[in-house]
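The values are calculated or read from the model by the stated rules, or taken from the named source; none is laboratory data. None of the values given here were measured: they were computed from a predicted structure. For neighbour counting, all protein chains shown are included, and Cβ atoms are generated from backbone atoms with ideal geometry for every residue, glycine included. Remember, those area values only see protein heavy atoms, side chains included, never the ligands or the DNA or RNA. Shrake-Rupley method; radii C 1.70, N 1.55, O 1.52, S 1.80 Å.
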Amino acid sequence: MDPSFLLMLSNLLQLHNHLDPTSSLFSDPPSYLLSSSSSTSPSSTSTSAAPLLFFTIASVLSYAASKTSSFSKSPSTSPTCSNSLSAFRQLSTEHIWTMEPSIRDTQWRSSYGLSYPVFASLVDLLKPHLLQTNLPLPPDYAISIVLSRLAHGHSAKTLATKYSIEPYIVSKVTNIVTRLLATKIYNEYVKIPVAHRLLQIIHAFKEITSLNNMCGAIDTSPIKFRLPDDQLCNPEVYRCRSGYSAVLLQVVADHRKIFWDVCVKAPGGTDDATHFRDSLLYNRLTSAEILRDSVVTVRGHHVRPYIVGDWCYPLMSFLLTPFSSNGTGTLGQNSFDAALMKGRSMVEQAIGLLKGRWRILQDLNVGINHVPQTIVACCVLHNICQIAGEPEPTLCKDPRETGPPARVLENEKSFYYFGESLRQAMADDLQDRQQRRDLPISSPWSTQIFWSPGFLSFVLDVHVVIKMSGSADVILTS
């Protein structure tokens with residue numbers, strides 16, 4: 001028992017017996033107390049009681065101070081925090097399977113950005129790694145706090161008040177969980193397509209655009225962050241075209257709006273082409289290390305799988321861009337541009353979903369050193385939600401691109417000239433197929449049917465050569 005509490009009780013008992021010796025808190029008083037008390041004057045009683053009264057008051061104050069001190073030193077065991085953890089535990093373990101699934105998942109999406117089954121799977125993925133860290137909270141509870149922060153954009157201070165824990169604990173837990181997502185879990189959910197998956201993506205994009213061998217769309221988005229200029233070495237470098245401090249997120253998305261490449265490397269003032277050239281993706285594309293599983297022939301041109309982007313990216317044989325931004329090309333060129341932009345809309349929507357689901361990316365409030373891993377972690381969570389078929393939130397749309405066309409570097413001219421020739425051949429091929437009203441494409445082998453006098457002719461549009469490669473490589477730049 002607390003020594004200060006025992007001292008307080010002892011002093012109170014002595015004070016009581018001294019002031020009223022005729023009654024005892026425990027038993028009848030001894031006879032010698034009665035006799036002595038009868039001969040004791042009131043003045044002597046009052047004088048002798050003063051020290052006891054002083055020590056009793058002092059012991060009460062000492063006990064109260066000790067309890068207040070222990071309470072302030074242990075915020076994690078306060079009633080509010082305990083209630084928060086117990087409430088989460090009660091909801092996540094005791095009542096979760098008694099709830100109507102639709103109501104349950106709506107509640108979890110509102111709080112954590114995803115449904116309970118996806119949350120449980122995420123806990124299973126992260127828990128083995130979290131148990132190896134110095135985590136001050138239970139793994140599932142820590143993950144729920146981080147998801148709440150990412151989904152709602154709360155600051156560490158706001159969440160600390162909500163969960164009755166110290167802000168530094170919120171920051172520490174956020175750092176640990178986002179780092180694990182950006183490193184340990186990244187490779188499982190962000191993969192460059194190969195083999196069968198690559199062919200599936202090519203087929204799906206052809207259904208959308210009528211263009212052969214498209215396998216992704218690339219775009220860059222500024223991620224605004226909240227940090228005073230005096231904490232940045234060169235604030236103007238981080239100023240994006242919209243006028244606020246940001247870092248650039250470059251992603252490549254497929255037809256399901258799933259990212260298969262993520263790069264966070266440049267400050268907001270960098271142009272899209274420079275960011276692309278500095279990325280590992282650029283080096284792997286120029287060296288033909290990736291996207292070489294399927295090659296098609298279009299009008300005599302051998303076409304490897306390629307990605308599409310807007311005019312802020314350089315035209316390459318593996319990155320096709322529009323002929324113009326204002327529809328001033330020929331009929332075939334304008335048709336090609338319209339088809340290409342249909343494919344590119346997939347990455348625009350993917351970024352809109354990313355920022356709409358993980359709203360912290362609309363105004364990032366973490367330290368500058370933790371910005372890249374937080375952004376990449378949100379991209380991993382985005383892919384997890386898309387693969388699981390989570391309902392898509394309202395899009396958060398970026399402003400329209402207004403940058404100048406990318407210039408061609410000297411060492412890129414061979415890629416540029418081949419890309420220019422390839423783009424024109426694909427535009428002519430698309431126009432011919434549209435004029436002949438070809439049948440819908442149902443496989444990478446496109447069979448066209450047209451009538452000529454006296455007989456029916458089948459024309460094989462593309463010849464496909466398939467090369468199988470090994471496992472997918474993964475890029476993470478921070």
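Please go through segment 374-424 and pick out each residue that is among the polar types (S, T, N, Q) and farther than 29 Å from ARG241 by Cα.
Start the filter on segment 374-424 by keeping residues that are among the polar types (S, T, N, Q), which leaves 374, 383, 386, 394, 402, 411, 414, 421, 424.
Correct list: GLN386, SER414, SER421, GLN424.
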Within segment 191-218, residues being under 22 Å from VAL262 (Cβ atoms) and part of a helix (DSSP H, G or I) number 8
Residues in segment 393-430 that are open to solvent by 80 Å² or more (accessible area, probe 1.4 Å) and β-branched (Val, Ile, Thr) total 2
Taking segment 222-245 and keeping residues surrounded by fewer than 23 Cβ atoms within 10 Å (Cβ to Cβ), among the aliphatic types (A, V, I, L, M) and within 30 Å of ILE384 (Cβ to Cβ) leaves LEU227
Taking segment 140-162 and keeping only residues that are open to solvent by 20 Å² or more (accessible area, probe 1.4 Å) and either closer than 14 Å to LEU114 by Cβ or assigned to a helix (DSSP H, G or I) (or both), one is left with ASP140, HIS152, LYS157, THR158, THR161, LYS162
When restricted to SER210, SER245, the only residue among the polar types (S, T, N, Q) and under 23 Å from PRO314 (Cα atoms) is SER210
Okay, strands (runs of 3 or more DSSP E) sitting entirely in segment 285-392 with 2 or more residues that are open to solvent by 20 Å² or more (accessible area, probe 1.4 Å), I get 294-298, 301-303
Filtering segment 317-328 for residues that are free of Cβ contacts under 8 Å to residues at least 40 places away in the same chain and not hydroxyl-bearing (Ser, Thr, Tyr) leaves a count of 3
Result of the Cβ filter at 6 Å on segment 113-131, keeping first residues that are in the same structural domain as PRO101 (by the TED database) and partners that are small (Gly, Ala, Ser) and open to solvent by less than 70 Å² (accessible area, probe 1.4 Å), at least 6 apart or interchain, is GLY113/ALA151; VAL118/ALA388
